[in-house]
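Just below is one structure, and these are the notes that go with it.
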Amino acid sequence: DLLHYLAQRPDTVVSKQELFDLLASQTQIHSDSTLGLTRTRVEPDRSQNHRIYVLDGLTPSHFMAVCAHEYAHTWLHENVSRELDPHMQEAFCELIAYKLLDVFGHEGQKRAVLANTYTQDRIEALLKADQNYRFDDVIRWIKFGTEQNYELSQTERVLAAHRPAPALNARPLRADPA
């Protein structure tokens, strides 16, 4: 499985010193409590090469949460071209981790996700939007919304995001025959 594969990669699971050395060149939001890092390099053919680093010694549920968070960063790199507030990016990645933890019933780790401060309460805004509307609406806002961020009292903003119209020369998708 994926978590076992990641745990076996020598460049994936790193010591605290190795992680801090990697973080030293980063400009994104990080703190002494940072547990993972995603580095993305755009190749000459415009494909993206992602490297994920996770702190060694985490419990299995914590490791799962950090991996989900870091893989959410890769999804953002590959799917979101608009400007998004860095705290909202982190909140989105925490939302993905939270939802995975919820599926597996890891309540203690879910509380830890909610207790972190680096999302500046934006995790609560995304969770509220997810509960009040649909996860698809949250994803659509992340991909196509016009605001970089929204507050807890503005979760209806996720409904304002619209998928861009298809290009005029785009062919319609055909449905598979039943």
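The values are calculated or read from the model by the stated rules, or taken from the named source; none is laboratory data. Since the structure is predicted, the reported quantities are computational estimates derived from the model, not experimental observations. Note: ideal-geometry Cβ built from the backbone for every residue, glycine included; neighbour counts use all protein chains shown. Just so you know, the surface numbers come from the protein's heavy atoms only, side chains and all, with ligands and any DNA or RNA stripped out. Shrake-Rupley method; radii C 1.70, N 1.55, O 1.52, S 1.80 Å.
Just a few scattered comments:
- Among all positions in segment 112-129, there is no residue which is in a helix (DSSP H, G or I), at pLDDT below 80 and either touching a Pro at 6+ places or on another chain (Cβ under 6 Å) or open to solvent by 40 Å² or more (accessible area, probe 1.4 Å) (or both).
- Here HIS77 clears all of (1) open to solvent by 50 Å² or more (accessible area, probe 1.4 Å); (2) out of contact with any strand residue (DSSP E or B) (no Cβ under 8 Å at 6 or more places or on another chain); (3) part of a helix (DSSP H, G or I) except the condition numbered (2).
- Which numbered condition ARG82 misses (of (1) under 19 Å from ASP137 (Cβ atoms); (2) open to solvent by 60 Å² or more (accessible area, probe 1.4 Å)): (2)
- Test set (1) under 11 Å from the mean Cα position of the chain (by Cα); (2) open to solvent by 30 Å² or more (accessible area, probe 1.4 Å); (3) touching a residue at least 60 places away in the same chain (Cβ under 8 Å) - GLU90 fails condition number: (2)
- Counting residues in segment 133-142 that are open to solvent by 60 Å² or more (accessible area, probe 1.4 Å) and either among the polar types (S, T, N, Q) or not in a helix (DSSP H, G or I) (or both) gives one or more.
- Against the numbered list (1) open to solvent by less than 70 Å² (accessible area, probe 1.4 Å); (2) closer than 23 Å to ALA125 by Cα, HIS50 comes up short only at (2).
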